[in-house]
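Values quoted throughout were computed directly from the atomic coordinates according to the rules given, and no laboratory measurement underlies them. Small disclaimer: the values here were computed from a predicted structure and weren't measured. Neighbour counts are summed over all protein chains in view; Cβ atoms, including those assigned to glycine, are modelled from backbone coordinates with ideal geometry.
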Amino acid sequence: MIRPDLIERLRVPPGTKKLRLKDYDPGWAQTEELKELGKDAVKERAQEALRRSIAELADAQACLYANDVYSVLIVLQAMDAAGKDGTIKHVMSGINPQGVQVFSFKAPSAEELDHNFLWRHMRSLPERGRIGIFNRSYYEDVLVVRVHPEILERQKLPPGERDEKFWENRYQDIRSFERHLVRNGTVILKFFLHVSKEEQKRRFLERLDNPEKNWKFSAADLAERAYWDDYMDAYEAALAATSTKHAPWYIVPADHKWVTRAVVADIITSAIRDLDLQPPVASKEQRKALAEARKQLESE
């Protein structure tokens, strides 16, 4: 597993007043110690950590499912081409498909616009015993909507100023929503995949140059890149305002996919393991029913 002190470096402390994404390195060399080890050695360790986490996560998820008490909500947010889809694919590769649900949220429908911004996400929350992944989430309403305030006009909101107080109220709504979920047995893990602007450019060019990846390129993604600085401001404000003890944000280096996947897998596995779940123990009545079942089978 990855050393806890390295993971802690990525966690946004609760109560953070001012966050600067420039202070978080999106690359592999997070410490002087890692730099001394070298990229190849760090990559090998990360890949081994990922393999272990995938194996442990399969067992942890099975116990989560069997207990049917807790659920896990994983929130993934990132700029385009940061690797959200690949992270989901690799980290969840060993899990029983019945135990995980993935939801990707696009522009809201007419029905969804007739409700508050959290409504459509509430409908997709994981049930007890399952892992739910939001590939983008309700945080879009304090990110893309903040960068493009004209979107607010379609949300049928009561009259009022769309000033800083408006966004603070949305942060408060999100914190209250997440607090409610945690109180009722949902473990919330939130990951911002921190890719650099240079690496995003490289990945966009790769999609253009490789015919097999042309389908991944979208002109809309390129258009949003023009708002990079605005998005960084929106992310800094949102991460600082909504990273809490019960629902923390992790700023995950995303310039190297092997780093991203190892870190995310480690945090998820550790969080479920920390629930200290044990396989359910059969009650006296259940043991009696099992004995009867055995007796019936053996008498055939």
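Here are some notes:
- Neighbours of residue 101 by Cβ distance under 9 Å: Lys/Arg scored +1, Asp/Glu scored -1, total 0.
- Subtracting the Cα-Cα distance of residue 85 and residue 150 from 0.36 nm times their residue separation leaves 20.6 nm of extension gain.
- Gained length - residue 48 relative to residue 35, 0.36 nm times residue gap less alpha-carbon distance: 2.9 nm
- Prolate/oblate/rounded call for region 21-148, Cα gyration tensor, a/c under 1.5 rounded: oblate
- Per-selection Rg to Rh, region 116-275 - Cα, Kirkwood hydrodynamic radius: 0.98
- Label separation (residue 157 vs residue 221): 2.9 nm, computed from points 7 Å beyond Cα along the C-beta direction.
- Most positive-pole-ward Cα, 133, 248, 67, against dipole of the chain from beta carbon charges: 67
- Restriction of the trypsin sites (Lys or Arg not before Pro) in region 165-254 to DSSP coil positions whose beta-carbon has at most 10 other beta-carbons within 10 angstrom yields 245.
- Shown is the FRET efficiency for residue 176 and residue 291, computed with R0 = 41 Å from the Cβ-Cβ distance and rounded to the nearest 0.05: 0.25.
- Label of the coordinate-derived value, volume of the Cα convex hull per residue in Å³, listed as [x] 180; [y] 235; [z] 188: [z]
- Computed lengthening from residue 228 to residue 169, 0.36 nm per intervening residue step minus Cα-Cα distance: 18.8 nm
- Peptides ranked, highest mean first, by Cβ atoms within 10 Å: ranges 30-36, 135-141: 135-141, 30-36
- Computed from the C-beta positions of residue 198 and residue 107 and an R0 of 22 Å, the FRET efficiency is 0.15 to the nearest 0.05.
- Principal semi-axes of the equivalent ellipsoid, √(5λ) from the alpha carbon gyration tensor of region 214-300, are 50, 20, 13 Å from largest down.
- Estimated dipole of the chain in Debye, rounded to 20 [Cβ of Lys and Arg +1, of Asp and Glu -1, Cα centre]: 480
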